[in-house]
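Worksheet for the structure shown next.
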Amino acid sequence: MILKRACFLSLVYALSMPLMADMQTEVGVAFVIDSPQVFPDQTLGDSKSQIESEMSLLIAERLEFHFPFLEWKPGMDNDNRILIKMMDQKAGLCDWKTVLVVRAIRSGNEVEMADVPSIPLFDLCDPFTPNRKAAAGNTLNADDQDILLDTLKQAVGNTNLSSQEVQGLLNNKSIRNEIHRQFLRTIPVTQSVEIKDQNTGSGKFIYLPVSFDELKSIVSSCDGSNNNCSRLRLTFNLPNSPPATFNLRVAGHCGAHVLSEVLDGGVPGGFEISEPVWWDDRLGSLLSQAQGLSITMEEFIQNSLACPDLGEP
């Protein structure tokens with residue numbers, strides 16, 4: 001019933017610059033080969049850019065599926081992006097090996113992802129490494145290029161590896177959780193909210209001006225610890241006061257926009273919400289004083305019907 005009434009709301013006010021319903025925060029994705037010992041640039045030649053481009057697109061598609069609340073742009077060179085690198089590491093008696101590592105680019109600076117393990121690919125003790133230069137032209141040997149690409153795709157998606165092998169980077173839930181915790185929680189989903197009156201006059205609702213269809217989130221109540229649901233974090237600055245922080249959940253939608261319920265939060269030493277509420281007038285008073293705000297995705301639970309072909313392994 002609450003969602004049905006919500007569709008008869010009228011706009012009271014919007015905070016910050018409103019976004020179009022189909023706009024999402026863009027995050028860059030890059031795959032880079034940095035392997036001068038095992039796969040030097042002079043051997044790869046023009047194949048290097050071809051492999052990097054194809055892998056960037058594949059990684060962006062996988063990240064788009066697992067984290068659809070952001071818009072993933074392959075090759076986009078912006079201040080916030082995910083970087084997956086194929087790089088050399090020392091390998092004892094084998095001298096060198098190649099591995100895949102995940103890095104975060106925050107504000108233009110490359111940051112190592114703690115607790116995200118590297119994925120081994122090749123080492124110089126292997127009986128065969130696909131690093132032969134083509135006999136003619138400035139490319140990798142065609143067969144070697146196919147083998148290298150297939151190995152990289154398996155290492156990212158784990159589509160053909162047996163269950164005894166290490167799971168691929170993006171099919172490994174613990175790795176995805178670390179990417180979310182260490183990077184995605186720092187990226188605003190939106191920097192505005194909309195507050196709308198209920199037609200009954202009995203209160204207000206908080207909406208996010210992002211597309212509910214693109215969010216692909218499950219809609220459910222959280223458990224007793226406010227887990228097992230998609231939770232958002234609303235943070236905004238106040239004059240002469242510490243920042244206010246509130247936890248919200250994705251509760252439904254009216255039209256395209258996302259309906260949110262406030263779970264808890266407040267201002268340190270000031271107004272607090274300790275139980276789930278749809279609205280509190282004191283929250284409205286705080287929001288009217290907000291000097292900029294952001295909404296980040298604290299925990300994301302995907303709708304299992306969003307894309308059944310690409311679900312959990």
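The values are calculated or read from the model by the stated rules, or taken from the named source; none is laboratory data. Everything numeric here is computed off the predicted structure, so don't read it as measured data. Note that each Cβ is placed from the backbone with ideal geometry, even for glycine, and that neighbours are counted across all protein chains shown. To get the accessible areas, we keep the full protein, side chains included, count just its heavy atoms, and leave off ligands, DNA and RNA. Shrake-Rupley method; radii C 1.70, N 1.55, O 1.52, S 1.80 Å.
Structure notes:
- Furthest towards positive pole of dipole, 211, 170, 40, structure part the chain, Cβ charges: 211
- Normalised radius of gyration (Cα atoms, divided by 2.2 N^0.38 Å) for the chain: 1.19.
- Dimensions (Å) - the stretch 191-239, Cα atoms, principal axes, largest first: 33, 29, 27
- For residue 204, the aspartates and glutamates whose Cα comes closer than 14 Å to its Cα, not counting residues fewer than 8 places off in the same chain, are 194, 261, 280, 281.
- Whole-Å semi-axes of the stretch 166-252's equivalent ellipsoid (Cα gyration tensor): 28, 18, 13
- 222 nm mean residue ellipticity, helices alone, for the chain (DSSP H n ≥ 4; -39,500 (n - 2.57); rounded to 500): -6000 deg cm²/dmol
- Annotation: amide H-H contacts under 5 Å for residue 298 (H modelled 1.01 Å from N, sequence separation of 5 or more, or interchain): 231, 232, 233.
- Based on C-alpha pairs under 8 angstrom that are at least 6 apart in sequence, the stretch 62-218 has a relative contact order of 16 percent.
- Packing order of peptides 283-291, 52-60, 143-151, highest average first: 52-60, 143-151, 283-291 (average count of other Cβ atoms within 10 Å over each peptide's residues).
- Remark on the stretch 89-137: ratio of C-alpha radius of gyration to 2.2 N^0.38 Å is 1.56.
- Only beta bridges with both residues in the chain are counted; by DSSP, about 85 percent of them are antiparallel.
- More than 20 Å apart - percent of Cα-Cα pairs taken over the stretch 52-125: 39
- Sulfur and carbon atoms: percent of accessible area, the chain [1.4 Å]: 48
- From the largest down, the stretch 29-180 spans 46, 34, 28 angstrom on the principal axes of its Cα atoms.
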